[in-house]
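Working notes, structure below.
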Amino acid sequence: MALKEFQAESKRLMDLMINSIYTHKEIFLRELISNASDAIDKLYYRTLEDGATGLSRDDFFIRIDLDKEARTITLTDNGVGMTQQELDTNLGVIAKSGSLQFKTEKEQKEDVDIIGQFGVGFYSAFMVSGRVRVETKAFGSDEAFCWESSGLDGYEITPCEKAERGTVVTLWLKEDTEDEKYSEFLDPYRVRQLVKRYSDYIRYPIRMEMEKSRLKEGTGIEGKDPEYESYWETDTLNSMVPIWKKARSEVSDEELNAFYKEKFYDWQDPLRVIRTSTEGAATYSALLFVPKAAPMDYYTREYEKGLQLYASGVLIMEKCADLLPDCFSFVRGLVDSQDLSLNISREMLQHDRQLKLIAGRLEKKIASELKSMLTNDREKYEEFWKSFGLQLKFGMYDGYGAKKDELKDLVLFTSSKEQKLTTLSEYAARMPEGQPAIYYGCGETVQRVLSLPQAEAVLEKGYEILCLTDNVDEFALRVLEKYEGKEFKNIASDGAEVGSEEEKEKAQKLSGDHKDMLAAMKEALGDKVKEVKVSATLKSHPVCISTDGMISTEMEKVLNAMPAQEKVKAQRVLELNPQHPIFEKLCGLMETDKDKLSLYAQVLYDQALLIEGIPLEDPAGYVQKVCGIL
């Protein structure tokens, strides 16, 4: 038969596909194996439909043969094969898929699953080979035909000799170049690695001859040195049955842990295994793992989140980021679905409703499992929290609090009560009657928070304080705003006073009585503070810094530490303790030495900053002021 040309549009698509569509050339092996699996599925379908073949699933196989001298890779299957017309139709027109047509014509039966849908996967062979031959014999036919092509020039179909049904695809690899080493695909161990990676769960055995070594008979005994000889043995390269397809009763915890460590390169068992599957609008199986510890790069920009995505047991994407929200980016695992909408290369997902459905259900499942761990295995959850708690708090703040309600019962903070981790629910349950708000303080450590001057009065009232030590903590609580009707109050904010009405009235009266002194101190401090006033809550400390408005001193530190961020400034208030001896000293200086009053105001302000953990702009100047007073 004369050489036939591909259709013009097929030529353009073929050129584009070979050079652009596929990300990695190694994908060709996955595509050809998937096609072979489809051919077997089609024949096996007939055994279910009419029982005429007398075949069972155990009769089918896929074989790979490598010939380094001839530079050929041969894939053989004993599936349904193709007639001459089917060869011309399926391989003469790129993107004409026999599998897709089969899938649409036949009602899907149980245990029948067609991987290929687009008909371009076969042509990925031309990424690595300059010539491809397909020898095929259709089931029930006495004739066999050969399709051969060297690429864009066209193809030829001729009769050939073939004893058994099925298809044999032979690829003649291109010569190596400086940039591309096509010979790697002639290495049995490299091929086995690719099969294991992409096609491990194809449900028919993929077999290949592997070279092995053994002790020569008669050596290594009775003082004779051991000698070894090489031999070849047929190995099955794939495991065939995905562990996530097995019933839970058929898989031990040890097997799941071993699968996780091997698949995701972790040396520790996971903290929790999550198995879930659904059918209907979004049909999928998922096997997810919560790691025990965060990877080294987890909190860096280099970290890539995502789940492995399989389509009918064939790896499509190594990391599908769309399946996980950022707040659960620590989860590792895989999703297998047989009816996702894929593009022609099967490497990229169309962003469709179905994918969003799967992602939404996985998110709810992960949140539910974490809640269960928190409730039923607190020790394990706190271990998880040490590694990934920061991510949950970021997740609560991210997107203007889009996921705050989902995460609010999963976050933990250290409480002043026994300085142990607590949930917001536990804090709320312990609140004494009449407590007006949920109180928190910010600092580098729990001890720094509890040593704040404002903490003294809050604790004296019998109220707990949440100690926020991470940069994101206050932002997360600000987004949440309330919990069970109670507002969050920073103990260092101007509106968080816990004094009685009598104490507040007394402080206001004293502020009025000493307004000239307070005004003089405000003038001495300039725009460093919004106001100087008498405190209603300070106990043993002479002064403290509080803030007025939305920006706290801790938020100021965090925001101003960000690169290329417009600088912000908290509205600071200097509060004086009227019961402290220093207050009487200030009153005396107002009458006798206003210059020294100004010096005292600056020293007290700097001391208040130090207590808050805020670095001084001029440490040397502060030392000189203290020396001046001494």
Checked the range 486-545 for anything in contact with a helix residue (DSSP H, G or I) (Cβ under 8 Å, 6 or more places away or on another chain) and of a type in the set (Gly, Ala, Ser); matches are 492, 496, 499, 511, 520, 524, 535, 536, 540
| query | Scanning for something of a type in the set (A, V, I, L, M) and under 24 Å from residue 57 (Cα atoms), does the range 220-236 turn up at least one residue? | reply | no
Checking 459, 407 in turn, the sole residue that is out of contact with any Asp or Glu (no Cβ under 9 Å at 6 or more places or on another chain), buried (at least 16 other Cβ atoms within 10 Å of the Cβ), farther than 21 Å from residue 552 by Cα and not small (Gly, Ala, Ser) turns out to be 407
### Task
State yes or no: is residue 137 over 22 Å from residue 182 (Cα atoms), open to solvent by 10 Å² or more (accessible area, probe 1.4 Å) and at pLDDT below 70?
no
When the range 153-170 is checked residue by residue, the ones that are of a type outside the set (D, E, K, R), open to solvent by 70 Å² or more (accessible area, probe 1.4 Å) and assigned to a loop (DSSP other than H, G, I, E, B) are 163
Cβ pairs under 6 Å, 6+ apart or interchain, first in the range 201-227 and farther than 30 Å from residue 308 by Cβ, second at pLDDT below 80 and surrounded by 10 or more Cβ atoms within 10 Å (Cβ to Cβ), ordered by first then second residue, are 226/219; 226/220; 227/219
Over the range 171-189, the set of residues open to solvent by less than 70 Å² (accessible area, probe 1.4 Å) and more than 21 Å from residue 131 (Cβ to Cβ) is 188
Here the qualifying pairs (Cβ atoms under 8 Å; residues six or more apart or on different chains; first in the range 532-543 and over 19 Å from residue 515 (Cα atoms) and basic (Lys, Arg); second open to solvent by less than 10 Å² (accessible area, probe 1.4 Å) and part of a loop (DSSP other than H, G, I, E, B)) come out as 539/577
Among the residues of the range 517-569, the number that are in a helix (DSSP H, G or I) and polar (S, T, N, Q) is 2
Over the range 414-453, the set of residues of a type outside the set (S, T, N, Q), open to solvent by 40 Å² or more (accessible area, probe 1.4 Å) and either touching a Lys or Arg at 6+ places or on another chain (Cβ under 8 Å) or not in a helix (DSSP H, G or I) (or both) is 417, 418, 420, 421, 430, 432, 433, 434, 436, 444
Checking 258, 282 in turn, the sole residue that is out of contact with any strand residue (DSSP E or B) (no Cβ under 9 Å at 6 or more places or on another chain) and at negative phi turns out to be 258
Pairing a residue in the range 596-611 that is free of Cβ contacts under 8 Å to residues at least 12 places away in the same chain with any residue that is among the aromatic types (Phe, Trp, Tyr), where Cβ atoms lie under 9 Å and the two sit 6 or more apart in sequence or on different chains, gives 610/622
Restricting the range 471-481 to residues that are assigned to a loop (DSSP other than H, G, I, E, B) and open to solvent by 60 Å² or more (accessible area, probe 1.4 Å), the one nearest to residue 554 (Cα to Cα) turns out to be 471
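For the condition under 30 Å from residue 284 (Cβ atoms) and either in a helix (DSSP H, G or I) or more than 42 Å from the chain's Cα centre (by Cα) (or both), what is the one hit in 255, 217?
On inspection, the qualifying residue turns out to be 255.
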Per the filter on the range 482-513, residues modelled with pLDDT of 90 or more, open to solvent by 20 Å² or more (accessible area, probe 1.4 Å) and more than 15 Å from residue 555 (Cβ to Cβ) are 482, 484, 485, 486, 487
Out of all the residues in the range 528-550, is one or more open to solvent by 10 Å² or more (accessible area, probe 1.4 Å) and within 33 Å of the chain's Cα centre (by Cα)? yes
Among 399, 360, 313, 389, the single one that is over 30 Å from residue 122 (Cβ atoms) and over 16 Å from the mean Cα position of the chain (by Cα) is 399
The condition from (1) of a type in the set (A, V, I, L, M); (2) closer than 30 Å to residue 474 by Cβ; (3) open to solvent by 50 Å² or more (accessible area, probe 1.4 Å) that residue 630 misses is numbered (2)
Within the range 295-315, the count of residues that are in contact with a helix residue (DSSP H, G or I) (Cβ under 9 Å, 6 or more places away or on another chain) and open to solvent by 40 Å² or more (accessible area, probe 1.4 Å) comes to 3
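The values are calculated or read from the model by the stated rules, or taken from the named source; none is laboratory data. As the structure is a prediction and not an experimental result, all values here were calculated from the model. Neighbour counts run over all protein chains shown; Cβ positions are idealised from the backbone, glycine included. Heavy atoms of the whole protein, side chains included, go into the accessibility calculation; ligands, DNA and RNA do not. Shrake-Rupley method; radii C 1.70, N 1.55, O 1.52, S 1.80 Å.
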